[in-house]
1. Could you tell me which trypsin sites (Lys or Arg not before Pro) in the stretch 1-60 are loop residues by DSSP with no more than 15 other beta carbons within 10 angstrom of their beta carbon?
2. Calculate how steeply helix 69-82 sits against the longest principal axis of the alpha-carbon atoms of the chain, using the helix alpha-carbon long axis, and give the answer as 0 to 90 degrees to the nearest 10.
3. Could you tell me which label, among (1) 18, 16, 13; (2) 39, 22, 11; (3) 32, 16, 12, carries the value of semi-axes √(5λ) of the Cα gyration tensor in Å calculated for this structure?
4. For the chain, which whole-number percentage of the solvent-accessible area (1.4 Å probe, protein heavy atoms only) is attributable to carbon and sulfur atoms?
5. In deg cm²/dmol and to the nearest 500, what is the mean residue ellipticity at 222 nm of the chain if only DSSP H runs of at least 4 residues count, each as -39500 (n - 2.57), divided by the residue total?
6. With the other protein chains left in place, how much accessible area per residue, in square angstrom, belongs to the chain at a 1.4 angstrom probe?
7. Name the lysines eligible as straight-distance cross-link partners of residue 12: C-alpha to C-alpha under 29 Å, and not fewer than 8 places from it in the same chain.
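The values are calculated or read from the model by the stated rules, or taken from the named source; none is laboratory data. Nothing here was measured: the structure is a model prediction, and the numbers come from that model. Glycine also receives a Cβ, built like all others from the backbone with ideal geometry; neighbour counts cover every protein chain displayed. Side chains are part of the model used for accessible areas, which takes the heavy atoms of the whole protein and leaves out ligands, DNA and RNA. Shrake-Rupley method; radii C 1.70, N 1.55, O 1.52, S 1.80 Å.
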Amino acid sequence: MEAIRVHPLIVKEGKVVVTGLPFKAGQYVEVIVLPRRVEKISRTRLTVRQLRQSGLIGLWKNRDDIIDSAVYARQLREQAQQRRPFSYDFS
């Protein structure tokens with residue numbers, strides 16, 4: 001059986017709400033609750049020089065399968081927004 005990891009935020013003392021699980025009514029599940037340490041994410045800003053030297057600009061220029069990089073980037077963003085948070089394999 002595949003474990004599903006979720007990271008809900010406790011919004012009311014002693015209550016955790018988890019939605020969107022791939023289980024049907026009447027199925028039993030085991031729930032293990034562990035406190036999670038939240039680490040600060042450092043967001044380093046790049047200077048224009050650093051950005052130009054990073055290799056990100058022109059990353060897709062030699063790709064034959066990408067005709068319009070703006071359209072391609074938009075499609076990637078749309079796919080990421082529609083992606084479900086879990087992958088389920090019931091085989």
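1. Loop-located and lightly packed - 5, 24, 36, 37, 40, 43, 45.
2. Helix 69-82 sits roughly 0 degrees off the main axis of the chain.
3. Among (1) 18, 16, 13; (2) 39, 22, 11; (3) 32, 16, 12, the one derived from this structure is (2).
4. 52
5. Working: 2 runs with 20 residues, N = 91.
Dividing the helical sum by the residues of the chain leaves -6500 deg cm²/dmol.
6. Accessible area per residue, the chain: 109 Å².
7. Hits, sequence-local ones excluded: 24, 40.
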